[in-house]
Amino acid sequence: MLTKISLADETPQQNLISKAIANDLQAKIFGITPENVTEIIHERWRLLKSIYPAFKELCESSLQIQPEAILPTLWDLWLPLAMQIASRHQEIQRPFLQGILGGQGTGKTTTCKVLNLILSHLGYRALSLSLDDLYKTYQARLILQQQDPRLIWRGPPGTHDVDLGINLLDNILQRQNIVRVPRFDKSLHSGNGDRAFFETVENIDIVLFEGWFVGVKPINSAVFNNPPLPIITVADKAFARDMNDKLHDYLALWQRLDSLIVLYPKDYRLSLEWRKQAEYQMKASGKPGMTDLQIEEFVHYFWKALHPELFIKPLLECPSVDLIIEINPNHSFGIVDS
């Protein structure tokens, strides 16, 4: 495992080459063979040296973590993944759309920031886009809530402007030189959030499109006859069925994706613990936060909308998923599979 870096080194240590070919699973995923392993690891090493100053700054300023703590993840996952995405972009000779599915605490935002950094050093213009950026406006969501009082929080299917997302991705795919990207500010309207502005971007090569149900598809509604907790009451089951139906509206958006990565916790219930940890940290810093009961109600609401066991787990066997990254209880990355 890579635990430290010496920028004075001209070539990677031989044991990194040996470990790369010895890890059969990752070698297969990232196209490493006995014939090309030396070239690939040397190229990865040169890229590591090139990006490390910017990576260190990103860790300390934005991610608020010591770079050494996630250096193994950078070496084993983010660098080869970015190189693979760049290669796939070159193969198709048009903008490449990478979907990243992951719930809270799975590291999708961090992954996008690091991939964006690496891709920029490789000479590509990468755009990080969140499903959150496609929320309907505050006023539109107020009207939506009047129509369906069950939509007490933003986030479930139906609270996004899907056509806005489709038009955005199509504009990028059509190689429009200048594209306007919506950006959402969660702090507006006392935390209810609103579309804050449109960011102007140019000549996008790669889109990193992340969100808590990016790529999720409708399932057979018969499963809601005997669903997992916390889907209990008749009203819960009706809500789950309606959210499942709403997913049909998103299929055209997912069809634009060239690839899908799933960040998959070892146990979906970890998201509840991670949410509590995040709230504790906020309150410790002097910011307002939810109580444990409020957190449980909040998380259970989203499990009732799209239960991970029903909607995410089946994707692990789905041909449309290119990469599955296991997430450990401490938020670190575990097994990587395809």
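The values are calculated or read from the model by the stated rules, or taken from the named source; none is laboratory data. These numbers come from a predicted model, not from an experiment. Glycine also receives a Cβ, built like all others from the backbone with ideal geometry; neighbour counts cover every protein chain displayed.
So here's what we get for this one:
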quantity: R241 surrounded by fewer than 19 Cβ atoms within 10 Å (Cβ to Cβ), within 20 Å of L208 (Cα to Cα) and in contact with a helix residue (DSSP H, G or I) (Cβ under 8 Å, 6 or more places away or on another chain); calculated: no
quantity: Members of the range 19-42 that are under 19 Å from L71 (Cβ atoms) and either assigned to a helix (DSSP H, G or I) or not polar (S, T, N, Q) (or both); calculated: K19, A20, Q26, F30, I40, I41, H42
quantity: Whichever residue in the range 174-217 is hydroxyl-bearing (S, T, Y) and not in a strand (DSSP E or B) and, among such residues, is nearest to I92 (Cα to Cα); calculated: S187
quantity: Check on A252, in a helix (DSSP H, G or I), touching a helix residue (DSSP H, G or I) at 6+ places or on another chain (Cβ under 8 Å), modelled with pLDDT of 95 or more and surrounded by fewer than 18 Cβ atoms within 10 Å (Cβ to Cβ); calculated: yes
quantity: Which numbered condition P80 fails, given (1) farther than 22 Å from I172 by Cβ; (2) surrounded by fewer than 19 Cβ atoms within 10 Å (Cβ to Cβ); calculated: (2)
quantity: Search result, residues across the range 304-318 that are over 16 Å from K246 (Cβ atoms) and assigned to a helix (DSSP H, G or I); calculated: P308, E309, K313, P314, L315, L316, E317
quantity: The lone exception for R154 - which of (1) among the charged types (D, E, K, R); (2) over 22 Å from the mean Cα position of the chain (by Cα); (3) in a loop (DSSP other than H, G, I, E, B) it fails; calculated: (2)
quantity: Filter result for the condition that a residue is buried (at least 18 other Cβ atoms within 10 Å of the Cβ), over 30 Å from Q174 (Cβ atoms), over 18 Å from the mean Cα position of the chain (by Cα) and modelled with pLDDT under 95, over E273, E279; calculated: E279
quantity: Any hit, the range 182-200, residues being closer than 30 Å to I118 by Cα, free of Cβ contacts under 8 Å to residues at least 60 places away in the same chain, buried (at least 16 other Cβ atoms within 10 Å of the Cβ) and of a type outside the set (V, I, T); calculated: yes
quantity: Pairs with Cβ under 8 Å, 6+ apart, first in the range 138-155 and free of Cβ contacts under 8 Å to residues at least 60 places away in the same chain, second among the acidic types (D, E); calculated: Y138/D194; A140/D161
quantity: Odd one out for G123, checked against (1) on the phi < 0 side of the Ramachandran plot; (2) surrounded by fewer than 16 Cβ atoms within 10 Å (Cβ to Cβ); (3) modelled with pLDDT of 95 or more; calculated: (1)
